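**Student:** Below is one structure. I have some questions about it.
Where a number appears in this text, it was derived from the coordinates with a stated rule and is not lab data. Here the structure is a predicted model, which means the values were calculated and not measured. Here the Cβ positions follow ideal geometry from the backbone for every residue, glycine too, while neighbour counts run over all protein chains shown.
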Amino acid sequence: MNIIKVQDYKEMSQSAANIVIRKVKENSKIKLGLATGGTPKGTYDALIEDHMQNNTSYENVTSFNLDEYIGLDSNDPNSYHYYMDQSLFAHININKEQTYLPNGTADNLDKECTRFDKMIETLGGIDLQILGIGQNGHIGFNEPGTSFSSGTHVVALEESTRQANARYFDSIDEVPTHAITMGIATIMKSKEILLLISGEEKAETLKKLIHGEITEEFPASILKKHNNVTIIADQKALSGVL
Ligand code: F6R
């Protein structure tokens with residue numbers, strides 16, 4: 001894993017955006033894997049700013065998101081569909097029909113998971129996957145204990161994950177208990193992975209990732225077996241490793 005060390009969240013975001021912009025310019029039909037949450041928000045802001053200033057085009061780009069809550073439809077302000085619209089899609093010239101997120105309100109969730117994996121495969125796989133990481137080492141919503149061979153599947157969210165995400169909801173009771181997530185195997189099939197880590201609350205996590213063993217108890221540890229992973233981490237996140 002290649003590590004790019006940066007000063008702070010702002011620099012992490014700009015540096016991630018620069019990589020995405022370069023890749024989009026190199027391959028206008030790139031398939032991007034996208035994450036939600038606090039970590040990639042600044043990256044999306046930087047992509048929007050660049051789009052406004054330099055007209056970088058996303059017309060032919062396809063995107064797949066890592067996950068979606070079960071039970072929230074795309075108009076729910078807490079759904080990841082909504083987050084992606086507000087944080088990126090509405091502000092760049094991406095074709096909305098080429099943006100794919102798991103449908104958390106599908107009647108048959110297992111079928112939805114299979115459909116999502118097939119869709120990624122049929123469209124040629126993900127070229128560049130952007131990832132954040134949970135304090136417990138989750139990637140996507142693959143919580144500790146998830147099989148490394150998992151495809152897209154339904155997960156019960158850990159209490160700690162629900163609590164971490166409760167900041168976006170009126171109360172913890174409103175945080176969904178389940179989600180659909182790309183599996184670990186799905187993520188590992190991406191040709192290239194960009195993992196963003198910022199803040200002191202992730203310092204232990206990053207330390208474990210770098211120095212710990214590869215184990216299903218710490219899902220992100222599998223990334224050490226991928227041949228093209230770049231971590232962009234800021235000083236605070238790196239404070240445990242330096
Ligand atoms: C989001 C996702 C999650 C987050 C992780 C970190 O799509 O898949 O794995 O990346 O929970 O969340 P933040 O960035 O809010 O700390």
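**Student:** Output the antiparallel fraction of DSSP beta bridges having both residues in segment 2-230, as a percent to the nearest 5.
**Tutor:** Taking every DSSP beta bridge with both residues in segment 2-230, the antiparallel ones total about 35 percent.
**Student:** Ok, one more. For a quick check: with amide H placed at 1.01 Å from N, whose amide H comes under 5 Å from I4's, ignoring anything fewer than 5 positions away on the same chain?
**Tutor:** Under 5 Å from the amide H of I4: I231, I232, A233.
**Student:** Report, in whole Å, the centroid distance computed from the Cα atoms of segment 83-137 and segment 18-63.
**Tutor:** 15
**Student:** Can you sort I172, I222 by how many other beta carbons sit within 10 Å, fewest first?
**Tutor:** With the fewest neighbours first, I172, I222 line up as I172, I222.
**Student:** Still on this structure, I have one more. Summing -39500 (n - 2.57) over the DSSP H runs of n ≥ 4 in the chain and dividing by its residue number, what mean residue ellipticity at 222 nm do you reach, to the nearest 500 deg cm²/dmol?
**Tutor:** About -9500 deg cm²/dmol.
**Student:** Give the long-range amide H neighbours of H178: residues separated by 5 or more places, or on another chain, with amide H under 5 Å away, using H modelled in the peptide plane at 1.01 Å from N.
**Tutor:** Long-range HN contacts for H178: I70, L157.
**Student:** Can I ask one more? Hey, what do the phi angles of segment 223-236 turn into as Karplus ³J(HN,Hα) couplings, whole Hz, using 6.51/-1.76/1.60 and θ = phi - 60°, x for Gly and Pro?
**Tutor:** So the J values, rounded to whole Hz, are 4, 5, 8, 8, 8, 9, 10, 10, 9, 10, 10, 8, 3, 5.
**Student:** Compactness ratio of the chain: Cα Rg over 2.2 N^0.38 Å, N = residue count?
**Tutor:** With N residues counted in the chain, Rg over 2.2 N^0.38 Å equals 0.94.
**Student:** Report the extension gain between Q163 and K207 in nm, rounded to one decimal, defined as 0.36 nm multiplied by the number of residues separating them, less their alpha carbon distance.
**Tutor:** 13.6 nm
**Student:** In whole Hz, what ³J(HN,Hα) sequence does segment 174-184 give by Karplus (6.51, -1.76, 1.60; θ = phi - 60°), x for Gly and Pro?
**Tutor:** After applying 6.51 cos²θ - 1.76 cosθ + 1.60, I find 7, 6, x, 8, 10, 8, 9, 9, 3, x, 5 Hz.
**Student:** Loop only per DSSP, at most 14 neighbouring Cβ atoms within 10 Å: give me the GluC sites (Glu not before Pro) in segment 92-168, ordered by residue number.
**Tutor:** Taking segment 92-168 and a limit of 14 other Cβ atoms within 10 Å, no loop GluC sites (Glu not before Pro) are found.
**Student:** Collect residues whose amide H, placed 1.01 Å from N in the peptide plane, falls under 5 Å from the amide H of L131; neighbours closer than 5 in sequence don't count.
**Tutor:** Residues meeting the amide H criterion: L194, L195, L196.
**Student:** Would you work out which of G145, I126, L157 lies farthest towards the positive end of the dipole of the chain, given +1 charges on the beta-carbon of Lys and Arg and -1 on that of Asp and Glu, about the Cα centre?
**Tutor:** I126
**Student:** Under a cut-off of 28 Å between alpha-carbon atoms, report the lysines in cross-link reach of K96, not counting same-chain residues fewer than 8 places apart.
**Tutor:** Leaving aside lysines fewer than 8 places away in the same chain, those within reach of K96 are K10, K23, K25, K29, K31, K41, K111, K118, K189, K191.
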